[in-house]
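Notes for the one structure printed next.
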Amino acid sequence: MAGTGEADRKRTFGIALRAARQSVGLSQQQLAGELSVSQPSVAAWEAGVNEPVPATVFRAEEVLGLEPGALAEHLGYLPARRRFGRTTTVDAIAGDPTLGAREREALLALYRALSAPSPRKGRTSAKRRSA
């Protein structure tokens, strides 16, 4: 059973999708054609019943002329690229709405520990050794 948070995400995504679609003058059928999905799928997204996969959300942003993340943020997805540069790992962790404060801090600490330079001189990473 979907929680209230999930239902709210789908509803706000649907509202944003409908507004963006209507602002560029596309019908649900036209948007569906651009996204290679059915019109009932677009209708279900706009009604907040279902949500598209991340790749479809990002494609919809392109088709509708939106900034990367404009629709995706409603569903908790982060685009690979933002207009002003790449999303960093730290930004992705910090902005993930599915993480609690403790989970976020643990992931950030782990990431920082793993990405810190090695204190030993001359040691190459496993990645470099295997290349």
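The values are calculated or read from the model by the stated rules, or taken from the named source; none is laboratory data. Quick caveat, the model's predicted, so the values are computed rather than measured. Note: ideal-geometry Cβ built from the backbone for every residue, glycine included; neighbour counts use all protein chains shown.
Quick check: is even one residue across region 26-41 without any contact (Cβ under 8 Å) to a residue 24 or more places away in the chain and closer than 22 Å to residue 97 by Cβ?
no
If you check 110, 99, which single one turns out to be outside any helix (DSSP H, G or I) and either at pLDDT 75 or above or β-branched (Val, Ile, Thr) (or both)?
Just one listed residue meets the conditions, 99.
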